[in-house]
Amino acid sequence: MRSPHHITTHPYKNPYEELGRLDDGPMGDGPLDEFLHEDIRQDERQDIRQDIRADPDGLPDEAEAQDDPWAPPNHRRNGRRRRRGRFSGLPLAMKAVVGLLVLAAFLTLADRWALLYAERRAADTLKERLDLSAAPEVEIGGFPFLTQLADERLDSVKVTVPDVAADRISLAQVTATASDVRLDTDGPTSVRGADVPRLEGDVLLSFADLNRELGASQVTFTGEGHDRVRARGTLPVAGHDLSLRAEARIVRNGDRGIATHIGGMRLDIGDLATYRPGARTSEGLHLSRKSAARLAHETRKAKALLSIPSVVRRLGVPDSVVREALRNESKLTDLTGTPRFVHQAMRLNLIDLALDHPRLLKLLGFDPALLDALPRLTRPVLADQLSLGFRLPEPPSGQVRLRDVRVEEDGIRVRLEGTGLAIGGK
């Protein structure tokens, strides 16, 4: 029996010493090292198994295995080999589909490149042979293009020619589409010409171009109905800006042109008078209603007008009434204040009075230079300034004719058709 004063003591254990014993091997062969390198050895065994499967006869003997130095496995290389293996495992049909798609993409790209090249060459040829100021836009239809070229036949060709000169004006745009075009070639890379059996298109005569090119001062043209054009603006005459109004009826002129019949022409000299070119009674230079009414209330002008016998006869006023009106202002007011007098004064052709009584017209407010220039603005002269007619140039072969004419919001559009056309030569 132990003494009660005897106490059993256990030696103190340092936890870091216990941890150190896990790695007490001379070369790091302790349990901890084995634990940390366990995964690496498993990977090595996995690599050996794969090598055995790949080459059973190439196993190293013990001597070679002992002589070979140890090296850690290359997991990255094995990963690449596994990825290549996945791609190589694609079905053959899938590979064939991918190859066909790539080939089709290259063929389509080559076909579109050849098409763009052909369109550019065709535009340059048309510009040179038709003597155009700008190269046209050429659009070849159908797909694929290379097979059409090999067959020497195009399904369709659309040509848009801007700014074509036609007499005094320019056509804003000529668009034509040719069908079943037969090519004259020396091979796919050499096209000498083309035969166009049928062509359809239209011509646009732009109002914007007409306003700019006709030189009729500041006259503008707008559509009015399906076959009429309205002209409004100003025309300088002898230093005066006269307000111009006119209407043009658009008609077809033969197979290759259009004509304009100008009507309703009038030049307004402010609110003083209106000039209508022509020889009829309603035409010539006439006082406006406002001017005639003002004349009736101005004694000096009314007496000057009634003092000319030829004017009195045209007014249809009896001589006795005129003599009385010239002596008595009250009678003059009674005469000139009637609606009949104002109406008759508006019917007077002042051009006839300009030669014999220039002082009278000057008294009424007319410039003598203007009265001298107005008679030269005859109907043909004004009609020529406002004419919208044109003729298509005659093609070197075949026939092109206009089918119909219509007035639209932006201009005059004319439909055309052609047959038996040829471009270039054999």
What's the exposure ranking of 356, 195, going from fewest to most Cβ atoms within 10 Å?
-> 356, 195
Tell me which residues come under 5 Å, amide H to amide H, from residue 196 once H is placed; ignore anything under 5 positions away on its chain.
-> 421, 422, 423
In nanometres, what is the gap between the two model label sites at residue 266 and residue 391, each 7 Å from Cα along Cα-to-Cβ?
-> 3.5
Can you tell me how much longer the chain between residue 281 and residue 308 gets when fully stretched, taken as 0.36 nm per residue apart minus their C-alpha distance, in nm with one decimal?
-> 7.7 nm
Calculate, in nm to one decimal, what residue 238 and residue 108 gain on full extension: separation in residues at 0.36 nm each, minus their alpha carbon distance.
-> 40.0 nm
Please give the contour-minus-distance gain from residue 343 to residue 185: 0.36 nm per residue of separation, less the Cα-Cα distance, rounded to one decimal in nm.
-> 49.1 nm
Please name which of 254, 351, 320 has its Cα lying farthest along the dipole of the stretch 227-357 towards the positive end, using unit charges on Cβ (Lys, Arg +1; Asp, Glu -1) and the Cα centre as origin.
-> 254
Which order do peptides 125-136, 294-305 fall in by mean Cβ count within 10 Å, highest first?
-> 294-305, 125-136
The size of the Cβ-based charge dipole (Lys, Arg +1; Asp, Glu -1) of the stretch 278-376 about the Cα centre, to the nearest 20 debye, is 160
Between residue 319 and residue 228, the FRET efficiency computed from the C-beta separation at R0 = 35 Å comes out, to the nearest 0.05, as 0.15
Whole-Hz couplings from phi, Karplus 6.51/-1.76/1.60, listed for the stretch 362-375; x for Gly and Pro = 5, 5, 6, x, 8, 7, x, 5, 5, 5, 7, 7, 4, x
Grab the beta carbon distance between residue 198 and residue 121, set R0 = 25 Å, and tell me the FRET efficiency rounded to 0.05.
-> 0.65
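Readers should treat all values here as calculations from the given coordinates under stated rules, not as data from a laboratory. If you're wondering where the values come from, they're calculated on a predicted model, not measured in any experiment. In this analysis, Cβ positions are derived from the backbone assuming ideal geometry, glycine residues included, and neighbour counts consider all displayed protein chains.
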